[in-house]
Every structure is written in structure tokens, then in C-alpha cells.
Amino acid sequence: MQAYPSRIAWREALEIVAATAQARRLPLERLSLGRVDGRVLGQDLVAPMALPPFDNSRMDGFALRHADLSTDAPTRLRLVGEQFAGAGEGLSVGPGECARITTGAALPAGADTVVIKEAVILVEDGIRVPAGIALGADIRRAGEDVREGELVLRAGQVLTPARVSLAAALGVSDLAVARRPTVAVFTTGDELIEPGMPLLPGQIYDSNRDLLMGLLRAQGLEPVAWPRLPDDPARIELLLRDAASAFDVVITCGAVSAGEKDHLPGLLQQHGQIDFWKVRMKPGMPVLFGRMDQAVFLGLPGNPVSVLATFLMLSRPLLDGLQGRQDARPVVTAALRAPWRKTHARLEFLRGQLQYGEDATLGVLPNPADASHRLRGAAQSDALILLEEGEREYALGERVTVFPY
């Protein structure tokens with residue numbers, strides 16, 4: 001008797017995927033800042049120091065004492081030295097004095113204001129400062145950006161260049177990040193041959209391998225393409241069990257439906273565990289999810305647009321969850337640039353092209369090539385349009401949820 005969910009809703013499938021990822025969260029590793037770009041931060045980062053660490057000048061100019069300035073007339077001050085960015089030399093400013101200063105340089109002792117050099121007039125032994133300079137002008141105060149002990153980066157955030165730069169500015173040389181999942185990729189079918197080879201009757205080129213490998217590399221992963229799975233249950237079992245013993249994730253495409261050559265559901269049930277098979281989504285309904293040995297197993301359908309949709313809407317959340325990613329993927333709402341008639345009950349991820357109107361509002365134009373084998377339509381598009389379960393008419397201008405590729 002069947003002991004796994006089948007024909008479940010996409011959101012229910014997503015919950016099962018998330019729970020599996022949570023239970024199999026990958027361990028952390030410490031890497032130098034030069035190696036963490038795009039990785040998921042594994043531990044909160046608390047600032048070990050303030051930013052800026054000291055009061056410094058925001059502009060090139062002159063540091064002075066605001067108390068020396070006249071409120072209604074120019075003030076002449078004597079130049080006593082120069083303060084450049086770098087190690088301080090113990091320069092101080094007394095009554096009636098000023099010091100030349102460059103951007104980022106620490107304020108000399110006694111100074112509390114900076115006047116930009118374009119605002120002053122140079123005289124024989126100093127400068128003439130106009131009236132109206134505010135107290136504390138053009139000074140960056142210590143800690144105004146980050147206070148010591150403040151939480152600056154949270155576990156689960158993706159380390160963008162700006163976030164890595166912030167860590168570097170705080171003097172942090174390495175960070176704890178989630179290990180990236182190892183992924184084995186299989187395509188299936190005796191009809192598949194390599195691009196560039198001559199086609200015999202009944203053969204097609206294997207486009208799914210390049211699709212999957214590209215999608216995975218776009219996530220910063222280094223997938224391994226395994227030999228193509230033949231339509232032979234014994235050889236499929238041997239290859240899959242070998243990969244499942246060595247990789248975190250095994251992704252296949254094809255052989256998951258109900259045909260005579262669709263061996264993967266039976267093999268996974270026999271040698272692993274099925275968590276669900278078939279999701280009420282279009283394209284991609286036959287998608288298979290479970291576990292085998294140490295690997296999480298994702299069996300995607302064979303049609304290329306189904307591979308794209310099921311990867312983006314199920315496989316990518318799994319990979320994010322394994323790494324503890326908390327940053328949400330982009331999801332937007334957009335106005336339909338054409339009406340659409342949905343004639344089936346399943347939830348659908350329709351391909352579409354994002355567009356900005358003259359009024360800067362975001363729209364999306366559905367691609368009419370909506371069948372799951374129409375790869376050109378997917379290539380011409382850059383987003384998936386979410387159409388909820390149930391038949392209905394979508395009007396021109398109606399707002400829909402959109403997942404950019």
C-alpha cells in the first residue's frame with residue numbers, strides 16, 4: 001500500500017522540502033574573506049570595534065576650533081600643521097589655530113570642526129574662514145556607522161560583496177559559512193545523445209544536462225555530471241546508489257512518470273524513501289522527492305520546461321535550506337500585459353517576460369508557448385508567473401505573483 005503523499009499541492013511539497021533541508025542542515029566551515037563571496041553566513045557577526053573607529057574628516061579642508069570663529073565676519077586662523085590619513089603624529093590645534101586635513105584623517109586634538117578648502121581664502125600664514133560654519137561640520141563621528149558590540153550580519157544572510165566589505169572594515173579576516181552541498185546530476189533515456197553528434201531516427205539531443213548544470217552553477221555550486229542513465233533498472237540502481245553514498249543531493253530528470261520505462265519511483269521506494277511523488281503543478285507534476293543513503297533525491301520530469309520550473313520552485317529551495325539561507329529570493333507582483341485563459345485545475349508556473357511600462361510600473365507578458373517541451377518559450381522568458389489552482393480567466397492588467405529566473 002502506498003505510504004507516501006501523492007498529487008499534493010505545491011505549497012505542501014515546499015513544506016516537505018523545507019523540513020527535509022532543516023533536518024539535514026550542512027555543517028559550517030571557516031573561510032578567509034577572499035573565499036566567502038556568495039556563501040551563506042553560518043554565525044551572527046557582532047562588531048568587534050566601532051566604525052569609524054575615530055572622529056575623522058569627511059572632506060579635504062582645515063580642522064579648527066569652532067569657538068574661534070566669528071558669527072558675523074570672516075575669521076583669520078594661523079596654520080600650524082598638516083594631518084593626513086594614516087597614523088597620527090600627535091598634532092593639536094590651539095586657540096586661533098588650524099591644521100590642514102585630508103579626507104579620512106583623524107581630527108587633531110582640540111579641533112571640533114572642519115571647513116572645506118573651497119570655502120576658505122589662503123593668506124600668508126594661514127586661512128580666512130567665512131562666517132556661518134556650523135559646529136561639527138564635515139566630521140565623521142566615531143561609531144556613527146557601527147557601534148562596537150552591535151549585530152551587523154545575521155546567520156543565514158548571503159555574503160554579498162558589500163557584506164564582505166563590512167566584515168573587512170571591522171578587521172574580521174574569516175567567517176563561518178555553511179558548506180556548499182555536493183550535487184550529482186543525471187539525465188535519463190536511451191534516446192539522448194550528446195550535442196554535436198549526428199541524430200539517428202528517434203534520438204534527441206540532451207539539453208537537460210546543460211540546463212541543470214547551468215542552473216546549479218548559477219547558485220555558486222560545483223555540480224558533477226554523471227553518465228546518462230540508461231533504460232535499464234539494474235544499471236540505474238547501481239549508478240544511483242553509488243552517487244547517493246557520496247553526494248549530499250542527487251538530481252535526475254526523466255523516468256519519473258508512470259510509463260514502462262519510468263523506473264525511478266520504484267527504485268527509490270525499494271532502496272530509499274519517497275517523501276512525495278507527483279505535485280499538482282504545471283509543468284512538472286510527476287516530480288519525485290525522497291532520500292537514498294546519505295543523499296536527498298530529486299527526480300525531475302524529463303521535459304525541459306518542467307526541469308526549469310521544478311528546479312526553481314523545489315530544487316532551489318532545497319539547496320537554500322541545506323545551507324540555512326534566510327535571505328528571500330526575489331518575488332514580485334506585476335500586471336499582465338496580455339489576458340490569459342487557464343483551462344486546467346493545477347497550479348501553473350507560466351513563462352513570461354518582465355517589462356517596464358512608460359509609467360515605470362512592472363508588467364509581465366505571458367509567453368504563448370506554454371507546453372512543457374517548448375524550450376524556446378522558456379529561453380525567451382525571464383520569469384515564472386504563478387497562476388493559482390482552478391480554471392479561470394485572467395484579465396489584461398490583472399496583478400499576478402512573479403518569480404524572476
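Taken together, the values in this text are just the output of simple stated rules run on the coordinates, not laboratory data. Keep in mind it's a predicted model, so treat the numbers as computed, not measured. We place every Cβ from the backbone using ideal geometry, glycine too, and count neighbours over all the protein chains shown.
PRE reach from Ala134 (point 7 Å along Cα→Cβ): which of segment 67-97 fall under 17 Å by backbone N? Counting only backbone N, you get 67, 71.
About its Cα centre, the dipole of the chain is roughly 760 debye, where the only charges are +1 on Lys and Arg Cβ and -1 on Asp and Glu Cβ.
For segment 36-157, pairs of C-alpha atoms spaced more than 18 angstrom apart make up 56 percent of the total.
Taken about its Cα centre, segment 332-404 carries a charge dipole of about 260 debye when Lys and Arg each add +1 at the Cβ and Asp and Glu each add -1 at the Cβ. If you plug the beta carbon distance of Tyr205 and Asp242 into 1/(1 + (r/R0)^6) with R0 = 22 Å, you get a FRET efficiency near 0.25. Summarising the label geometry, the points placed 7 Å from Cα in the beta-carbon direction at Ala225 and Arg11 lie 3.8 nm from one another.
Computed over every Cα-Cα pair of segment 303-365 and binned at 10 Å starting from 0, the pair-distance distribution P(r) comes out as 17, 36, 36, 12, 0 percent. Shown here: Rg and Dmax of the Cα atoms in Å, derived from the displayed model; of the candidates (1) 21.4, 67; (2) 21.3, 62; (3) 30.7, 98, it corresponds to (3).
Spatial offset of segment 283-347 relative to segment 384-398 amounts to 18 Å, using the alpha carbon center of each. Taking N as the number of residues in segment 173-266, what value does Rg over Cα atoms divided by 2.2 N^0.38 Å take? Relative to the rule-of-thumb radius for its length, segment 173-266 sits at 1.25. Can you tell which of Gly34, Val115, Pro95 lies farthest toward the positive end of the dipole of segment 1-134, using +1 and -1 charges on the Cβ of basic and acidic side chains (Lys, Arg; Asp, Glu)? The residue sitting farthest along the positive end of the dipole is Gly34.
Using a simple spin-label model with pseudo-atoms 7 Å out from Cα toward Cβ, His66 and Ala234 lie 8.8 nm apart.
Scattering from segment 332-404 was approximated by placing one identical point on each alpha carbon and applying the Debye formula without solvent; log10 I(q)/I(0) at 0.11, 0.12, 0.19 1/Å stands at -0.24, -0.28, -0.71.
Please build a GNM for the chain, connecting alpha carbons under 10 Å apart, and tell me which residue among Gly390, Gly302, Gly357 fluctuates the most. In the Gaussian network model the winner is Gly357.
Mind checking Rg over Rh on segment 280-405, alpha carbons, Kirkwood formula for Rh? Spell out each step's value before the answer.
Working: Rg = 15.4 Å, Rh = 15.4 Å.
The Rg/Rh ratio comes out at 1.00.
With r defined as the distance between the Cβ atoms of Ile193 and Ala369 and R0 fixed at 35 Å, what FRET efficiency is calculated, to the nearest 0.05? For R0 = 35 Å, the calculated efficiency reads 0.90.
Orientation-averaged projection of segment 62-104 equals 3.2 nm² [convex hull of Cα atoms, one quarter of hull surface area].
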